[in-house]
Amino acid sequence: MVDFYQFGKTETMTRILVQQLNINGQIITGPLGSGLNTLGDVVNRLVTFIYPLAAGVLFLIIVWGGYDFLTSQGAADKIKSAQAKITAGIIGFVLLLVSYLLVKLVALIFGLGNGII
């Protein structure tokens, strides 16, 4: 347990991670809810939000590249720009998928249950 000094009191790292504050006997729980006891729990909660957000951004990049390609009217520089956007979107999708699978593999190797999600 790591102790540190905050607001004139010594708090443990666990209390900060679970976002729970005790003021005059009244317990205030943070927006992340209960069940967050370790840093790994916090990361798991964040990853369930970050991966779908990244997938949405990648989809929008591919659509943007497709739109630019369709509206290029045969201009070579616009076609090249649109192809670069589509390529970047596909590479980003592959990297997102590989990172997800890599984390699942590491979790499986070290016996960390189901991994991230």
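Assorted remarks:
- Count of the range 22-45 residues, restricted to those that are of a type in the set (A, V, I, L, M) and either surrounded by 11 or more Cβ atoms within 10 Å (Cβ to Cβ) or at pLDDT 80 or above (or both), is 5.
- Identity of the residue in the range 96-112, surrounded by 12 or more Cβ atoms within 10 Å (Cβ to Cβ) and not hydrophobic (A, V, I, L, M, F, W, C), that ends up modelled with the highest pLDDT: Ser99
- Any chance Thr48 is modelled with pLDDT under 85 and not assigned by TED's automatic domain parsing to the domain that holds Val103: no
- Here is the figure for the range 74-95: residues that are over 27 Å from Phe49 (Cα atoms) and at pLDDT below 90 total 1.
The values are calculated or read from the model by the stated rules, or taken from the named source; none is laboratory data. Predicted model only: the values in this text are computed from it and were never measured. For neighbour counting, all protein chains shown are included, and Cβ atoms are generated from backbone atoms with ideal geometry for every residue, glycine included.
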